[in-house]
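Visitor: Before anything else, here's the structure in question.
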Amino acid sequence: MIDGIKYIPASEAKSEKAVSLKGLPYKIVRTYSAGVFAGYLKKKTGQNVILLNARRLWQWGGAASLSQLAMEGTKNPENCKFPIEVDEVELDQTIEVLQVTKSAQESIKSVPVWEIK
């Protein structure tokens, strides 16, 4: 507490965020027209999906398909274009939902943020 303001160490703040995602499966979701996203599945109702901490997978290298990306991750992260993570995204017209292995999730999350400078 400093000057009446309670500060939380960054390590605790990260763990609070992780707790809110605890138990949520990490998925790759392909939509009819919005593209492909990877994130934590909050809810799926029919073709509607809500992902948390999601990244758009704009372009991937080192995986022949989304199936390989979901199982093995990327072998060439420098050839991937994954923009910044968003807190939540609602996706309509979902046509494919893939379970992501832990190693593939780590691979996807380790790809540097692609941005226009």
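Values in this text are rule-based calculations from the coordinates and carry no lab data. Not measured: the values here are computed from a predicted model. Glycine gets a Cβ as well: all are built from the backbone with ideal geometry, and neighbour counts include every protein chain shown.
Visitor: For the residues 90, 115, what sequence is obtained by ranking on other C-beta atoms within 10 Å, fewest first?
Guide: So the residues, fewest neighbours to most, are 115, 90.
Visitor: Using amide H atoms built 1.01 Å from N in the peptide plane, name the residues 5+ places from residue 80, or on other chains, whose amide H lies under 5 Å from its own.
Guide: 61
Visitor: Around residue 38, under 11 Å between beta carbons, what's the net of Lys plus Arg minus Asp minus Glu among the other residues?
Guide: Working: positive: 27, 30, 55, 56, 109; negative: 85.
Neighbour charge sum, excluding residue 38 itself: +4.
Visitor: All other residues with a Cβ under 14 Å from the Cβ of residue 100 taken together, and with Lys, Arg as +1 and Asp, Glu as -1, what is their net charge?
Guide: Local charge sum for residue 100: +2.
Visitor: Binned at 5 Å from 0, what are the whole-percent values of the Cα-Cα distance distribution for the stretch 23-110, short to long?
Guide: 3, 16, 29, 27, 17, 6, 1
Visitor: Mind listing the phi-derived Karplus ³J(HN,Hα) values for the stretch 65-79, rounded to whole Hz, using 6.51, -1.76 and 1.60 with θ = phi - 60°, and x for any glycine or proline?
Guide: Using θ = phi - 60°, the values come out as 7, 5, 4, 5, 4, 5, 8, 10, x, 9, 8, 9, x, 5, 9 Hz.
Visitor: While we're here: Hey, what do the phi angles of the stretch 48-54 turn into as Karplus ³J(HN,Hα) couplings, whole Hz, using 6.51/-1.76/1.60 and θ = phi - 60°, x for Gly and Pro?
Guide: 9, 10, 10, 10, 10, 6, 9
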